[in-house]
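Please read the structure below before turning to the comments.
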Amino acid sequence: MLYGAGSVLAGMAAERLGQRVVLPLSALIAGVSLAAGAVIPTWPVFMVVVSLSAAGRGGLDGGINAIFLAAFRDSSGRSLNLLHGFFGVGALVTPVPLGVLVTLGVSWQALFVVTGAVYGVLALALALSLSRLPLDVHPNGARAAAGPRTFRTLLPFLGLSLAIAAYVAAEVGVGNWLVRYLAGQPLVVATGALSTFWGGLAAGRLLSGWMAERWPYRAFTVTCLALASLSLAAAVIVPWLPVAFVLYGLAGLFYGPVYPMIMAIGGLVYPQRLSALAGSLTTAGSVGSIVYPPLMGLMASGVGLQAAMLGAAGMGIPAIAGIFLSRQNVSFFAGSRIDPV
C-alpha cells in the first residue's frame, strides 16, 4: 500500500516541485529507510521505517516513467519498453549475486546498508543528470492548462487504470503462483517454467522497442493482451509439459509490452499531467497486485488453482475493455503509428 501511496503522492508533488526535486528525494527516502532498518533493534519500529522504502520506490517508479514520457514524446512506446526491459533484466540478474553473498555468510544488515548506499548513489546520479536535461515534466500552470475535470476527461484515465490493474493482477498472479501450480513436477521444472515466463516478459519489452512505433498504440496493446491471455490459458489447460513451457514463454513475451504501452497511451491522452498520470497509473497497477494474487490463494482452496490461473488469463478481458475506454472519440485503428487523441 505504501508503494502505491508513495507513487501517487510523488506524482502530485512533482507537479508543484518538478521531478528534479522529487525523484532524488524518492531515492533518498528508499535508501535511508533501508539503511536505518539495519540498526533498529525493535520490530515495530523496524517495520515502520523499512516500509517507508516502498513509498520511495513507488515515487521512483512513477517518476522515471514520467521523465521518459516527457523526454520521448514522439516515441514513448519504444522508449518505455526499453526502459522496462531493463527492469526485467535486473529481476533476472540480481537474485544470483544476492544468493552468493548470503551463502558466503554476509548478514542481512550488511545487505540493507549496501542497498541503501546504492539508492544514495542513485539519488546523486538523478540530481546531476536531471539538472542537465532541458525539460521539466510539469511546467508551472500544467494543472490549469489541463482544464476542468469532467467525466469525459476522466473516463480515459479510469479505463487506463482498469487496464493496468488487470494486467498487473495477471502478471503478479502468475509470478506468485506458477511454481505452486506446478507442484506435482520437480522443483527445477516448476522454477524453470517461471523463469521462462519472466524471460519472455523481458524479451517482449526489448523486442517491442523495435515494434511499438510501427503500430497504433492501442491496437498493438490490445493485440498483445489478447495473445498473452490466450497463451496463458492454453499453457494452463494443455496436458503436455514441453508445450506448456513454450506457451508460458509466449505468454510472458506478449505480456511484456503491455505495462509500458498503457503508460505511453496515457501520455498521449494527458500530455500536460505526466507526473500525476504516471504516479496514479503506477498506483492502479499496485492495486491489481494487492487484490487478485491473494484471491488466487482463496480460489485454490475452493475451485482449485487451475481455475485461479485461468482467472489470471481472464484478466485480459477487463484490461482490453479499459484500453477501449481510453479512446477519446477516435476510431480504434485511426491514425498512423501513434493514435490521435
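Go through 290, 323 for me and flag whichever is part of a helix (DSSP H, G or I) and modelled with pLDDT of 95 or more. Even if it seems obvious, please write down each step before you answer.
Values: 290 fails: modelled with pLDDT of 95 or more.
After ruling out the rest, the residue left standing is 323.
Among the residues that make up the stretch 228-241, is at least one of them of a type in the set (Phe, Trp, Tyr) and surrounded by 18 or more Cβ atoms within 10 Å (Cβ to Cβ)? No: the stretch 228-241 contains no residue that is of a type in the set (Phe, Trp, Tyr) and surrounded by 18 or more Cβ atoms within 10 Å (Cβ to Cβ). Based on what the data block shows, is residue 190 at pLDDT below 95 and farther than 16 Å from residue 86 by Cα? Considered against the rule, which asks whether it is at pLDDT below 95 and farther than 16 Å from residue 86 by Cα, residue 190 comes out as yes.
Being buried (at least 21 other Cβ atoms within 10 Å of the Cβ), out of contact with any His (no Cβ under 9 Å at 6 or more places or on another chain) and not aromatic (Phe, Trp, Tyr), is that true of even one residue in the stretch 184-191? Even if it seems obvious, please write down each step before you answer.
Going residue by residue through the stretch 184-191, those that are buried (at least 21 other Cβ atoms within 10 Å of the Cβ) are none.
Checked against the condition, which is being buried (at least 21 other Cβ atoms within 10 Å of the Cβ), out of contact with any His (no Cβ under 9 Å at 6 or more places or on another chain) and not aromatic (Phe, Trp, Tyr), the stretch 184-191 yields no hits at all.
Yes/no per residue for (1) closer than 23 Å to residue 318 by Cα; (2) loosely packed, with under 15 Cβ neighbours inside 10 Å:
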{"position": "158", "(1), (2)": "yes, yes"}
{"position": "161", "(1), (2)": "yes, no"}
{"position": "165", "(1), (2)": "yes, no"}
{"position": "172", "(1), (2)": "yes, no"}
{"position": "182", "(1), (2)": "no, no"}
{"position": "201", "(1), (2)": "yes, no"}
{"position": "211", "(1), (2)": "no, no"}
{"position": "215", "(1), (2)": "yes, no"}
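Listed by first and then second residue, the pairs with beta-carbon distance under 8 Å, at least 6 apart or on different chains, first residue in the stretch 231-247 and not assigned by TED's automatic domain parsing to the domain that holds residue 309 and among the small types (Gly, Ala, Ser), second crowded, with 17+ Cβ neighbours inside 10 Å and assigned to a helix (DSSP H, G or I), form an empty list.
For (1) of a type in the set (A, V, I, L, M, F, W, C); (2) within 27 Å of residue 273 (Cβ to Cβ), each residue gets a yes or a no:
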residue: 7; (1), (2): no, yes
residue: 12; (1), (2): yes, yes
residue: 32; (1), (2): yes, no
residue: 113; (1), (2): yes, no
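Only a single item in (1) in contact (Cβ under 8 Å) with a residue 12 or more places away in the chain; (2) of a type outside the set (Gly, Ala, Ser); (3) touching a helix residue (DSSP H, G or I) at 6+ places or on another chain (Cβ under 7 Å) is not met by residue 40, and it is number (1). Take the conditions (1) under 25 Å from residue 17 (Cα atoms); (2) hydrophobic (A, V, I, L, M, F, W, C); (3) crowded, with 17+ Cβ neighbours inside 10 Å; residue 118 misses just one of them, which is (3). Among the residues making up the stretch 214-225, those that are at pLDDT 90 or above and either of a type in the set (A, V, I, L, M, F, W, C) or in a helix (DSSP H, G or I) (or both) are 217, 218, 219, 220, 221, 222, 223, 224, 225.
For residue 94, the conditions (1) of a type in the set (S, T, N, Q); (2) surrounded by 14 or more Cβ atoms within 10 Å (Cβ to Cβ); (3) closer than 25 Å to residue 194 by Cβ all hold with the exception of (2).
The values are calculated or read from the model by the stated rules, or taken from the named source; none is laboratory data. The model shown is predicted, which means the values in this text are computed figures rather than measured ones. Heads up, the Cβs are rebuilt from the backbone with ideal geometry, glycines too, and the neighbour counts pull from every protein chain shown.
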